[in-house]
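Asker: The structure follows.
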Amino acid sequence: MVASEALPLIKTGGLADVVGALPAALATHGVSARLLCPAYRGVEAKVDARRDQARPLGDPLGVGEAALVPFSAGTLHGWLLDCPALFDRDGGPYLSPAGHDWDDNAVRFALLSRVAAQMATIEAMTGWRVDVVHAHDWQAGLVGAYLAAFGGVRPPLVFTIHNLQFLGRFAAAILPSLALPWWMNSMHGLEFYGEVAFLKGGVFFADAVTTVSPTYAQEIQTPLGGVGLQGLLAARADDLHGIVNGIDDAAWNPTGDPLIAAPYSAEDRTGKTACKRALQKELGLEVGDRPLLGSVGRMTGQKGIDLVLQSLPRLLHAGAQLAILGSGEAPLELAARAAAQGNPGQVAFVQGYHEALSHRVIAGSDALLVPSRFEPCGLTQQYAQRYGTIPVVRHTGGLADTVRDADADPEQGTGFSFAAPDAGALSEALDRTLACLHDAPRKHALVRRIMGLDRGWSNAAQPYVALYRALTAA
Ligand code: ADP
């Protein structure tokens, strides 16, 4: 596995959840997976790192000395790519403390990809034979390009798109500094509208491409969802697979979650009421029986938080409360803060990234709003289902594959969904959600059903295992 983030090392989004959990699930199917991830500042201290066994790599791209440091972190094993000049700095994995892309992101993630390609082809580097390379998102998008540049025998490559919106685009002139041949600046390579796109390389050079839900796999082959890569993706349709992400059902388990106020199960949900009361108290909301709607996520155009804020008057009129946890674009944060200040006791906004609070919002809410404009897979709606919190989602990508509308299908519904990406359609779905919350027997049946869904990784990992086996048998 080659990825720029993985729990428990570092996380900015769903990619880290997936890469952190998939290896352990693969192990139960007899697949031994190891991870290569950059040694960002502070990561080494979070894992059991074997500095004494570090393997020096020299200065592969002329930007600084690098080394492979073996590590373990619970069920996750692999190597940290140590290169202090590129990774040992304050700020995030992709952004500076001021919130700008690091100027040297191209070389930072080219190095990750290049070292991965070497490890895949030179067993002596680690003493571990690689049968399949699995690279994730644009940051690992050049693995295939380097394998192609090296030539010779190589293991099959799987490339997974977690979010097509981030292509990793750079000026083509950087290719020589990445030690990539100039011919790759072509249609049959990395070229993308006069630049190079790392993610395009991932799609172009991989033996199989996966993305994180069947519906998203279809959407990205269309002009609306393909961000310019729809032609290539459609050309690769036979090798493109949609595999829905599982959830880490040990970390996200209401019967034993140490981060929530009280445990509960589908059979006995008294603890869920305690979680709701505790959350209302913690966020300064009026404590009581009003329906509490939650929202957890990055505050960007993708996630549709603006639609939630536009629906607010109707929500409040219907007597509901709203709890938002998130951070992102300043105008959206400002709008959420204004909504909270204008409606004390009924609307709460916590700005920031708070893992523990995300558990408490998801456990304590009656419904979780995920009105994304597009959503490759989405994890929070699946967490919500596990915690008996009814997801209200836009019918797109992985949301469409994991949430069946309970009005359209009363027997097998698993939430509520709406089609148009506007506040009117969301409000209509919210009206239907509130009607269900006020109908105790119906709510009870729906909540029991969603809490019983098997969203764990051991199920979800099976299609990956089948894919690896098909590629290695070929
Ligand atoms: P994406 O990867 O597009 O951000 P996902 O739903 O796939 O969306 O995954 C987002 C992950 O990040 C989830 O685990 C979610 O709980 C978490 N998350 C997002 N924002 C926050 C936040 N402000 N605080 C805590 N966790 C968050």
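Asker: How large is the helix-only mean residue ellipticity at 222 nm for the chain, computed as the sum of -39500 (n - 2.57) over DSSP H runs with n ≥ 4, divided by its residue count, in deg cm²/dmol to the nearest 500? Before the final figure, lay out each step's value.
Answerer: Numbers: 19 runs with 172 residues, N = 474.
Theoretical 222 nm ellipticity from helices: -10500 deg cm²/dmol.
Asker: Right, next: In whole Å, how far is the Cα centre of segment 45-96 from that of segment 173-209?
Answerer: 25 Å
Asker: Add +1 for every Lys or Arg and -1 for every Asp or Glu among the other residues with Cβ under 12 Å from the Cβ of Leu80, and state the total. Don't skip to the answer; put the middle values down first.
Answerer: Details: positive: Arg34, Arg41, Lys46, Arg50, Arg51, Arg55; negative: Glu44, Asp48, Asp82, Asp88.
Every neighbour counted, the sum reads +2.
Asker: Here is a further query. Tell me whether segment 83-177 comes out rounded, prolate or oblate; compute the Cα gyration tensor, take square roots of the eigenvalues as a ≥ b ≥ c, and use a/c under 1.5 as the rounded threshold.
Answerer: On the way: a/c = 1.88, a/b = 1.66, b/c = 1.13.
Prolate, because a/c is 1.5 or more and a/b exceeds b/c.
Asker: Same structure again: Find how much the distance from Ala173 to Ala251 grows on full extension, using 0.36 nm per residue of separation minus their present alpha carbon separation; answer in nm with one decimal. Write down the numbers at each step before the final one.
Answerer: Details: separation 78, 0.36 × 78 = 28.08 nm, distance 4.42 nm.
Net length gain for the segment: 23.7 nm.
Asker: Among residues other than Thr215 whose Cβ falls under 11 Å from its Cβ, what is the net charge (Lys/Arg +1, Asp/Glu -1)? Intermediate results must be reported in sequence, preceding the final value.
Answerer: Details: positive: none; negative: Glu219, Glu375, Asp401.
Local charge sum for Thr215: -3.
Asker: Further question on the same structure: How much of the DSSP beta bridge set in segment 69-193 is antiparallel, as a percent to the nearest 5?
Answerer: Details: 6 of 10 bridges.
The antiparallel fraction comes to roughly 60 percent.
Asker: How about Lys272: which lysines have a C-alpha closer than 24 Å to its C-alpha, ignoring those fewer than 8 places off in the same chain?
Answerer: Lys281, Lys443
Asker: Among Leu437, Leu368, Asn459, whose Cα lies farthest out toward the positive end of the dipole of segment 353-474, if unit charges sit on the beta carbon of Lys, Arg (+1) and Asp, Glu (-1)?
Answerer: Asn459
Asker: Would you please classify the overall shape of segment 1-147 from the alpha carbon gyration tensor, given that a ≥ b ≥ c denote the square roots of the eigenvalues, rounded means a/c under 1.5, and beyond that prolate means a/b larger than b/c while oblate covers the rest?
Answerer: Values: a/c = 1.41, a/b = 1.20, b/c = 1.18.
Rounded.
Asker: Among Gly64, Gly91, Leu7, flag the residue with its Cα farthest along the positive direction of the charge dipole of segment 1-150, charges on Cβ as +1 for Lys/Arg and -1 for Asp/Glu.
Answerer: Leu7
Asker: List the trypsin sites (Lys or Arg not before Pro) within segment 47-150 that DSSP assigns to loop and that have no more than 15 neighbouring Cβ atoms inside 10 Å.
Answerer: Working: sites: Arg50, Arg51, Arg89, Arg108, Arg114, Arg129; in loops: Arg50, Arg89, Arg129.
Those that pass, being in a loop and sparsely packed, are Arg50, Arg89, Arg129.
Asker: Give the calculated FRET efficiency between Lys281 and Gln310 to the nearest 0.05, with a Förster radius of 45 Å applied to their Cβ-Cβ distance.
Answerer: Details: r = 28 Å, r/R0 = 0.62.
My answer for the efficiency is 0.95.
Asker: Can you list which of the GluC sites (Glu not before Pro) found in segment 1-104 are DSSP loop residues with at most 14 other C-beta atoms within 10 Å? Can you show the working numbers first?
Answerer: Numbers: sites: Glu5, Glu44, Glu65; in loops: Glu5, Glu65.
Loop-located and lightly packed - Glu65.
Asker: Something else about it: Once you place label points 7 Å from the Cα toward the Cβ at Asp104 and Leu224, how far apart are they in nm?
Answerer: 4.3 nm
Asker: Counting Lys and Arg as +1 and Asp and Glu as -1, each charge on the Cβ, what is the dipole of segment 173-298 about the Cα centre in debye, to the nearest 20? Could the numbers behind the result be given before it?
Answerer: On the way: 9 positive and 14 negative charges, 84 e Å.
Here segment 173-298 has a charge dipole of around 400 debye.
Asker: By count of other Cβ within 10 Å, fewest leading, how are Val130, Val393, Val296 ordered?
Answerer: On the way: Val130 18, Val393 30, Val296 25.
The fewest-first ordering by Cβ neighbours comes to Val130, Val296, Val393.
Asker: Quick check: pseudo-label points 7 Å beyond the Cα along Cα→Cβ at Ala356 and Arg298, how many nm apart are they?
Answerer: For the pair Ala356/Arg298, the computed spacing is 2.6 nm.
Asker: Which of the three applies to segment 337-464, rounded, prolate or oblate, going by the alpha-carbon gyration tensor with a ≥ b ≥ c and a/c under 1.5 meaning rounded? Working shown, then result.
Answerer: On the way: a/c = 1.43, a/b = 1.22, b/c = 1.17.
Because its axes are fairly even, with a/c under 1.5, segment 337-464 counts as rounded.
Asker: From the C-alpha gyration tensor of the chain, pull out the three semi-axes of the equivalent ellipsoid (sqrt of 5λ each), sorted largest to smallest, in whole Å. Provide the component values of the computation, followed by the final result.
Answerer: Values: eigenvalues 315, 102, 96 Å².
Output for the chain: semi-axes of 40, 23, 22 Å.
Asker: So, with +1 on the Cβ of K and R and -1 on the Cβ of D and E, and no other charges, what is the size of the charge dipole of the chain about its Cα centre, to the nearest 20 debye? Present the calculation step by step, with values, prior to reporting the outcome.
Answerer: Values: 37 positive and 46 negative charges, 102 e Å.
The calculated dipole for the chain is roughly 480 debye.
Asker: Oh, and also: Leaving out same-chain residues fewer than 8 places away, which aspartates and glutamates sit with a Cα under 12 Å from that of Lys276?
Answerer: Lys276 reaches Glu286, Asp289, Asp366.
Asker: By how many degrees, between 0 and 90 and to the nearest 10, does the Cα long axis of helix 105-121 differ from the longest principal axis of the chain?
Answerer: 70 degrees
Asker: Report the residues of segment 22-56 in range of a label on Ala266: point 7 Å along Cα→C-beta, backbone N strictly under 18 Å from it.
Answerer: Hits in segment 22-56 for Ala266 at 18 Å: none.
Asker: How charged is the neighbourhood of Arg169? Take every other residue with its Cβ under 13 Å from the Cβ of Arg169, and add Lys/Arg as +1 and Asp/Glu as -1. Intermediate values should be presented prior to the final figure.
Answerer: Working: positive: Lys200; negative: Asp101, Glu191, Glu195.
Its environment carries a net charge of -2.
Each reported figure results from applying straightforward, stated rules to the coordinates on display, with no laboratory input. Values in this document were obtained by computation on a predicted structure and should not be read as measured data. Counting neighbours? That spans all protein chains shown, and the Cβs are built from the backbone with ideal geometry, glycine included.
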